[in-house]
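All remarks here apply to the structure that follows.
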Amino acid sequence: MTLPRELAETIIDPKAYAQRDLADAAFRTIRATAPLDRAEPEGFNPFWVVSRHADIKDIERQPDLFHNGDRSTFLSDRTGEETNRALTGGEPNLIRSLVSVDGKEHRDLRGVVFPHVTPRAIKPLEDQIRVIAREFVDHMLSFGGECDFAVDVAFLYPLRVIMTVLGVPQEDEPFMLKLTQELFNNADPELNRARRELSREDMLKSLWETTMELEDYFASVTKRFRENPTDQINSLIANAKIDGQYLNHRQMMGYYIIAATAGHDTTSNTTGGAMWALAERPHLLARMKANPERISGFVEESIRWETPVKHFMRSAVADTEISGRAISAGDWLMLSYQSGNRDEAVWDDPFEFRIDRETNPQIAFGYGVHVCLGQHLARMEMRILWEELFARIGSVEMNGEGQRTISNFVCGPKHVPIRFTAQ
Amino acid sequence: MADGLRQWRCRNCGFIYDEALGLPDEGIAPGTRFEDIPDDWYCPDCGTEKPDFDLLT
């Protein structure tokens, strides 16, 4: 069986994610009628759409059977796959980062940073992050009752946190934000490099130019941290040795780039989405202020709700079976986290934003050995921001229409206009 | 599973600590009860701490 063309075209369409209901409706139908089926949209190599929570986890817990790095790690059309290989000398991904490598290479690379981002390791950062959170709450309040929470707070606060942890100077933050948005929002004329609608060919060119600009920037970072090592993440990457050798150029650039881009964009999207949810539910702020112990539930639900990484791709290494469907060696699979996090088999009311779920096994960070390296930092920085913000505002509501980024990969709200009162 | 020995699953990444197998690479001998693992131990795959492991039944 093959997914109906209309459904397949919808779930790859960046504009469907900009109007989230469209993507959600398509995935709801897919989960009910064809939860694990092949899609063959025009211009793309065929791929399986994995829509159920259980199937996504099943695949993610078998990293030796389902590889990240044999094919493109995110959905690319045929031309994109061919271009990536041509530009990189045969590799399927433009950037060789943690999300696009497997096995020993993945374990070794992950091990460079992992001990420094466990809950215990990041605990000492709490006071420093709280100072940053307070600065951004002050910044928000300085607008006097109206702001675009996405642009004025959500894009900036996680950026400041991660750049501090990485060791990127504050004056470089606008540059990093711009290039991150170019990298992830290529289909959005408001945020992409050209600031206009691009053909698929131009999108690839633009992506390559952004990648090269990031590599130029990080070339000097390696030199600086090898001369003067610190305990910041970029210094760990610059000075790491695996089997006695520094990381090679593509590994090092991939590490810098993913840490400096995915390290804040995902949290920004989740934070913007949480404020949007809050502003549409007048009772929720009062409830959070009265029940501060619910903050972890609020953060976890906002991660599920927004699910900023919409999908990753895997490819099967050998013939196998998932939920009774035969998967052949070489098959390409789209793990839809957005769908998995709305799975009716896991949540009775997946389209409700609820802070009092007894369990919330959301998979927005992925699952298995590739689970997000920065998940604990992301949770901590969001918790701190909301603790500070809930204490300082008395009311919040939407002040116009919110807007989502046009993207099918890493995306979320790009405008969240709100009206609020200070406490 | 050996008699009376249990398995515990990490809530965030699904890593399973099997008491029968222990984690010899981390100095945790086969047969070590989850309760007897040091409190500062964390999930080797994702860093999640002991309270966020669930008993598999």
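Quick check on residue A:82: is it more than 25 Å from residue B:11 (Cβ to Cβ), assigned to a helix (DSSP H, G or I) and under 23 Å from the mean Cα position of the chain (by Cα)?
When the stated conditions are applied, residue A:82 does not pass them.
Quick one: in region A:388-416, which of the residues that are in a strand (DSSP E or B) and within 22 Å of the chain's Cα centre (by Cα) is surrounded by the most Cβ atoms within 10 Å (Cβ to Cβ)?
Here the answer is A:413.
Just to be sure before I move on: is residue A:99 under 15 Å from residue A:254 (Cα atoms), more than 14 Å from chain B (Cβ to nearest Cβ) and part of a helix (DSSP H, G or I) in the structure I sent?
Criteria met by residue A:99.
How many residues does region B:1-17 contain that are without any contact (Cβ under 8 Å) to a residue 40 or more places away in the chain and closer than 13 Å to residue B:36 by Cα?
Counting residues in region B:1-17 that are without any contact (Cβ under 8 Å) to a residue 40 or more places away in the chain and closer than 13 Å to residue B:36 by Cα gives 2.
Identify all residues within region A:329-342 that are open to solvent by 10 Å² or more (accessible area, probe 1.4 Å) and either charged (D, E, K, R) or touching a Cys at 6+ places or on another chain (Cβ under 8 Å) (or both); write none if there are none.
A:331
To keep it simple, each residue is scored yes or no on (1) more than 17 Å from residue A:328 (Cβ to Cβ); (2) open to solvent by 20 Å² or more (accessible area, probe 1.4 Å); (3) out of contact with any Ser or Thr (no Cβ under 7 Å at 6 or more places or on another chain).
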| position | (1), (2), (3) |
| --- | --- |
| A:38 | no, yes, no |
| A:41 | yes, no, yes |
| A:94 | yes, no, no |
| A:99 | yes, yes, no |
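Quick check on region B:1-25: of everything there that is part of a loop (DSSP other than H, G, I, E, B) and within 13 Å of chain A (Cβ to nearest Cβ), which residue is most open to solvent (accessible area, probe 1.4 Å)?
Checked region B:1-25; the qualifying residue most open to solvent (accessible area, probe 1.4 Å) is B:11.
Within region A:199-215, identify whether any single residue is within 25 Å of residue A:182 (Cα to Cα), in contact (Cβ under 8 Å) with a residue 12 or more places away in the chain, open to solvent by 70 Å² or more (accessible area, probe 1.4 Å) and out of contact with any Lys or Arg (no Cβ under 9 Å at 6 or more places or on another chain), and answer yes or no.
Within region A:199-215 (the criterion being within 25 Å of residue A:182 (Cα to Cα), in contact (Cβ under 8 Å) with a residue 12 or more places away in the chain, open to solvent by 70 Å² or more (accessible area, probe 1.4 Å) and out of contact with any Lys or Arg (no Cβ under 9 Å at 6 or more places or on another chain)), the answer is yes, since at least one residue qualifies.
Working carefully through the options A:6, A:42, find the one that is charged (D, E, K, R) and part of a helix (DSSP H, G or I).
A:6 is the lone residue from the list that is charged (D, E, K, R) and part of a helix (DSSP H, G or I).
Is it the case that some residue within region B:26-44 is assigned to a loop (DSSP other than H, G, I, E, B), buried (at least 19 other Cβ atoms within 10 Å of the Cβ), in contact (Cβ under 8 Å) with a residue 12 or more places away in the chain and not aliphatic (A, V, I, L, M)?
Looking for residues that are assigned to a loop (DSSP other than H, G, I, E, B), buried (at least 19 other Cβ atoms within 10 Å of the Cβ), in contact (Cβ under 8 Å) with a residue 12 or more places away in the chain and not aliphatic (A, V, I, L, M), one finds at least one in region B:26-44, hence yes.
Going through A:260, A:274 one at a time, which residue ends up being at pLDDT below 95, touching a helix residue (DSSP H, G or I) at 6+ places or on another chain (Cβ under 6 Å) and not polar (S, T, N, Q)?
A:260 is the lone residue from the list that is at pLDDT below 95, touching a helix residue (DSSP H, G or I) at 6+ places or on another chain (Cβ under 6 Å) and not polar (S, T, N, Q).
Here is a list: A:106, A:139. Which entry is surrounded by 14 or more Cβ atoms within 10 Å (Cβ to Cβ), more than 12 Å from residue A:381 (Cβ to Cβ) and within 14 Å of chain B (Cβ to nearest Cβ)?
Just one listed residue meets the conditions, A:106.
State yes or no: is residue A:352 within 18 Å of residue A:53 (Cβ to Cβ), free of Cβ contacts under 8 Å to residues at least 40 places away in the same chain and assigned to a loop (DSSP other than H, G, I, E, B)?
yes
Considering every residue within region A:248-268, establish whether at least one is under 27 Å from residue A:385 (Cα atoms), in a loop (DSSP other than H, G, I, E, B) and in contact with a Ser or Thr (Cβ under 9 Å, 6 or more places away or on another chain).
no
If you scan region A:345-385, which residues turn out to be open to solvent by 20 Å² or more (accessible area, probe 1.4 Å), more than 10 Å from every other protein chain (Cβ to nearest Cβ) and aliphatic (A, V, I, L, M)?
A:345, A:346
Does region A:142-173 hold any residues that are within 19 Å of the chain's Cα centre (by Cα), more than 27 Å from residue A:98 (Cα to Cα) and open to solvent by 10 Å² or more (accessible area, probe 1.4 Å), and which are they?
Residue satisfying the conditions is A:151 alone.
Out of the residues in region B:45-57 that are exposed (fewer than 10 other Cβ atoms within 10 Å of the Cβ) and of a type outside the set (A, V, I, L, M), state the one that is nearest to the other protein chains (Cβ to nearest Cβ).
Once the filter is applied, the top-ranked residue is B:51.
Given the structure, is residue A:191 in contact with a strand residue (DSSP E or B) (Cβ under 8 Å, 6 or more places away or on another chain) and either open to solvent by less than 20 Å² (accessible area, probe 1.4 Å) or not aromatic (Phe, Trp, Tyr) (or both)?
In short, yes.
Listed here are the residues, each with its yes/no results for (1) under 30 Å from residue A:234 (Cα atoms); (2) of a type in the set (A, V, I, L, M, F, W, C); (3) under 21 Å from the mean Cα position of the chain (by Cα).
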{"site": "A:3", "(1), (2), (3)": "no, yes, no"}
{"site": "A:10", "(1), (2), (3)": "no, no, yes"}
{"site": "A:74", "(1), (2), (3)": "yes, yes, yes"}
{"site": "A:87", "(1), (2), (3)": "yes, yes, no"}
{"site": "A:90", "(1), (2), (3)": "yes, no, no"}
{"site": "A:109", "(1), (2), (3)": "yes, yes, yes"}
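The values are calculated or read from the model by the stated rules, or taken from the named source; none is laboratory data. Everything quoted here is computed from the prediction, not taken from an experiment. Heads up, the Cβs are rebuilt from the backbone with ideal geometry, glycines too, and the neighbour counts pull from every protein chain shown. These area figures cover heavy atoms from the full protein model, side chains too; ligands, DNA and RNA do not enter into them. Shrake-Rupley method; radii C 1.70, N 1.55, O 1.52, S 1.80 Å.
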